[in-house]
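Participant: Submitted below is the structure of interest, expressed as structure tokens.
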Amino acid sequence: MEIKPLKELQAVDERTLNFTPLGLGRMSPEGSADFQQRVVAELRLADDVAETTQARFEQLRTAFIHGVLCYELFTLVEDSTRLALEQALRDRFAAQYKDQKIEVRDSRGRLHRIPAGDYPEFFRLLKKIRNPQIRMGAAQDWERFNGMLAGLLTWARREGLLRGQRNRRRDPSRQALRNMVAHGTYHLTTPVDAARSLSALAETINHLWGQPTPGGRLYPAPVDRPVIAVGWSVERALTVMSLADQLADTHDDTELTYILVRAVHGDPDLMQFDSRKATTAFPTQYLWGPGTRDEAIAWMNRVKPTHDTCDYLDQVVVVRTLDGQVDLPTYPGIAAGLPDEEQSGVWHAVRVDRPLDALGHIRAVVGGEPGHPTHGECDNCPVDTVATGDLTTVLKAAQEAGADTEPLYVPDIRTPIAASFDWPLR
């Protein structure tokens, strides 16, 4: 190892200067130091997060900003986030059972009571028990628990501390990355990758302690749903959308037909809205229409609809299969309000983050593809099938899963883009 003078150790690492707020480029040493600090400055943990987890996270933030001087630190930070997640889960487990003893069942069905407030001691005692199980979730079912990352992730999900079907599908990757760090070989990553992993760690830790992240990628806070106007031309060649309260301040060069919906502004799938199907990325609520621009403005002035927020993680949608055909997913309340002739067939209540994830899974089930169960969590799709049966049975299960099943009676309306799609197996 080359022994360097202090001045050389304090010099900027030229490789870091290539990363700028706009992508790859070139920054000055001072600009790079300022930028990389700002990248992680807003990553904060909730005040009630365990002190040891707080300290570990602050250690990683400090190491990250010094990556300007030593590029290899970015790799060390990213790798350490994999291990810090397990520590955070251990701390959350200990906080959940502070001053309590947990019943652990061994392979012979015998029960052991182990103090859980000190996780290292709990883990030491747990390892002495063959094939240990603990009770998890509201149902208090016995489940395997090895005390390590896989078991802790399952425990946190069963207890409702971690949510989201897409996040659940990431759990195997989290375990693989953790094992790669513990047993892997040399590799080199970038400040972009390290910052993204550090941000994901902050989101996960905060959610473990009950704090979703506004604008978050993994565990977001409920998103705002303003009233949005979607319009299209008579020949259906033009489709536009805007905030509904801006209709009065704009002018249409072409006569348009409008509908009003309560939706997430920026939903990438809003242009394919279907009033009776869940075809948008985020939950979208039909409000009014179709009608002219003046009629839409008059309705807005008369009703004065307000914004609301929606939590889309683990939402429940229902999917109908009939004669080997799979319908698009819909929301339970809309299904409850369908005419009798549209309520026949076999229905599936599915917990998802994105409604169309349910379509892919049920298509696989109907097609007999292996690895796609008819009930419970799917290891190949980000879905959890809550129930299968007739509509009455499925709606009851959806209600028990937290869905609103109050019947909604909406007209059958879809945008020209939605009407033009040849949906698979519809």
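The values are calculated or read from the model by the stated rules, or taken from the named source; none is laboratory data. These figures come from a predicted structure and were not determined experimentally. As a convention, Cβ positions derive from the backbone with ideal geometry for all residues, glycine included, and neighbour counts pool all protein chains shown.
Participant: Report whether or not residue 196 is within 15 Å of the chain's Cα centre (by Cα) and either more than 25 Å from residue 71 (Cβ to Cβ) or surrounded by fewer than 20 Cβ atoms within 10 Å (Cβ to Cβ) (or both). Can you show your working first?
Facilitator: Values: within 15 Å of the chain's Cα centre (by Cα): no; either more than 25 Å from residue 71 (Cβ to Cβ) or surrounded by fewer than 20 Cβ atoms within 10 Å (Cβ to Cβ) (or both): yes.
When the stated conditions are applied, residue 196 does not pass them.
Participant: Report yes if residue 116 is farther than 30 Å from residue 312 by Cβ and buried (at least 18 other Cβ atoms within 10 Å of the Cβ), otherwise no.
Facilitator: yes
Participant: Residue 60 fails exactly one of the following numbered conditions: (1) surrounded by 12 or more Cβ atoms within 10 Å (Cβ to Cβ); (2) in contact with a Phe, Trp or Tyr (Cβ under 8 Å, 6 or more places away or on another chain); (3) touching a residue at least 60 places away in the same chain (Cβ under 8 Å). What is the number of that condition?
Facilitator: Result: residue 60 passes all but (2).
Participant: Still on this structure, I have one more. If only one of 16, 52 is polar (S, T, N, Q), part of a helix (DSSP H, G or I) and under 28 Å from the mean Cα position of the chain (by Cα), which one is it?
Facilitator: Among 16, 52, only 52 is polar (S, T, N, Q), part of a helix (DSSP H, G or I) and under 28 Å from the mean Cα position of the chain (by Cα).
Participant: When the residues of region 373-387 are narrowed to those that are surrounded by 13 or more Cβ atoms within 10 Å (Cβ to Cβ) and farther than 17 Å from residue 320 by Cα, which ends up nearest to the chain's Cα centre (by Cα)?
Facilitator: 382
Participant: Checking the structure you have, find out if any residue of region 339-354 is basic (Lys, Arg), in a strand (DSSP E or B), buried (at least 17 other Cβ atoms within 10 Å of the Cβ) and in contact (Cβ under 8 Å) with a residue 60 or more places away in the chain.
Facilitator: Taking every residue of region 339-354 in turn, at least one turns out to be basic (Lys, Arg), in a strand (DSSP E or B), buried (at least 17 other Cβ atoms within 10 Å of the Cβ) and in contact (Cβ under 8 Å) with a residue 60 or more places away in the chain.
Participant: Enumerate the pairs (first residue in region 35-46 and assigned by TED's automatic domain parsing to the domain that holds residue 194 and at negative phi; second residue anywhere and surrounded by 14 or more Cβ atoms within 10 Å (Cβ to Cβ) and outside any helix (DSSP H, G or I)) with beta-carbon separation below 6 Å, excluding pairs fewer than 6 apart on the same chain, so at least 6 apart or on different chains.
Facilitator: So the pair list comes out as 46/209; 46/211.
Participant: In addition: Can you name the residue in region 242-259 that is outside any strand (DSSP E or B) and modelled with pLDDT of 90 or more and is also surrounded by the fewest Cβ atoms within 10 Å (Cβ to Cβ) among such residues?
Facilitator: Result: 246.
Participant: Now, a different point. Would you please name the residue that is modelled with the highest pLDDT, looking only at residues in region 385-422 that are among the acidic types (Asp, Glu) and farther than 26 Å from residue 262 by Cβ?
Facilitator: 390
Participant: Let me ask something else about it. Scanning region 260-275 for residues that are at pLDDT below 95 and over 18 Å from residue 311 (Cα atoms), which turns out surrounded by the fewest Cβ atoms within 10 Å (Cβ to Cβ)?
Facilitator: 271
Participant: Another question, if that's okay. In the list 140, 133, which residue meets the criterion of being exposed (fewer than 13 other Cβ atoms within 10 Å of the Cβ) and either touching a helix residue (DSSP H, G or I) at 6+ places or on another chain (Cβ under 6 Å) or closer than 30 Å to residue 401 by Cβ (or both)?
Facilitator: Working: 133 fails: exposed (fewer than 13 other Cβ atoms within 10 Å of the Cβ).
Checking each option against the conditions leaves just 140.
Participant: Moving on to the next point. Regarding region 315-334, can at least one residue be identified that is within 20 Å of residue 406 (Cα to Cα), of a type in the set (Phe, Trp, Tyr) and in the same structural domain as residue 389 (by TED's automatic domain parsing)?
Facilitator: Among the residues of region 315-334, at least one is within 20 Å of residue 406 (Cα to Cα), of a type in the set (Phe, Trp, Tyr) and in the same structural domain as residue 389 (by TED's automatic domain parsing), which makes the answer yes.
Participant: Can you confirm whether residue 163 is at pLDDT 95 or above, closer than 30 Å to residue 216 by Cα, in contact with a His (Cβ under 8 Å, 6 or more places away or on another chain) and not β-branched (Val, Ile, Thr)? Walk me through it before giving the result.
Facilitator: On the way: at pLDDT 95 or above: yes; closer than 30 Å to residue 216 by Cα: yes; in contact with a His (Cβ under 8 Å, 6 or more places away or on another chain): yes; not β-branched (Val, Ile, Thr): yes.
Yes.
Participant: Assess whether residue 305 counts as being part of a strand (DSSP E or B) and either touching a strand residue (DSSP E or B) at 6+ places or on another chain (Cβ under 6 Å) or surrounded by 21 or more Cβ atoms within 10 Å (Cβ to Cβ) (or both).
Facilitator: So residue 305 does not fit the description; no.
Participant: Those residues that are assigned to a loop (DSSP other than H, G, I, E, B), closer than 18 Å to residue 320 by Cβ and small (Gly, Ala, Ser), I need them from region 388-402; list them, please.
Facilitator: 401
Participant: Restricting the first residue to region 374-387 and requiring it to be farther than 16 Å from residue 355 by Cα and assigned to a loop (DSSP other than H, G, I, E, B), which pairs with a second residue that is aliphatic (A, V, I, L, M) and at pLDDT 95 or above meet a Cβ separation below 7 Å and a spacing of at least six or different chains?
Facilitator: Sorted first by the residue in region 374-387, then by its partner, the pairs are 374/365.
Participant: Any idea how many residues of region 55-91 are closer than 17 Å to residue 43 by Cα and either within 22 Å of the chain's Cα centre (by Cα) or among the hydrophobic types (A, V, I, L, M, F, W, C) (or both)?
Facilitator: Selection size over region 55-91: 14.
Participant: Please work out which one of (1) touching a Pro at 6+ places or on another chain (Cβ under 9 Å); (2) assigned to a strand (DSSP E or B); (3) without any contact (Cβ under 8 Å) to a residue 24 or more places away in the chain is the condition residue 203 fails and give its number.
Facilitator: (2)
Participant: Check region 21-32 and report whether any residue there is touching a residue at least 60 places away in the same chain (Cβ under 8 Å) and in contact with a Ser or Thr (Cβ under 7 Å, 6 or more places away or on another chain).
Facilitator: Within region 21-32, not a single residue is touching a residue at least 60 places away in the same chain (Cβ under 8 Å) and in contact with a Ser or Thr (Cβ under 7 Å, 6 or more places away or on another chain).
Participant: Next question. Tell me which residues, restricted to region 32-48, are within 17 Å of residue 80 (Cβ to Cβ) and not in a helix (DSSP H, G or I).
Facilitator: 43, 45, listed by residue number.
Participant: How do the pairs read when you match residues in region 277-298 that are without any contact (Cβ under 8 Å) to a residue 40 or more places away in the chain with residues anywhere that are assigned to a strand (DSSP E or B) and aromatic (Phe, Trp, Tyr), using Cβ under 9 Å and keeping only pairs 6 or more apart or on different chains?
Facilitator: Pairs found: 288/258; 291/258; 292/258; 295/258; 295/288.
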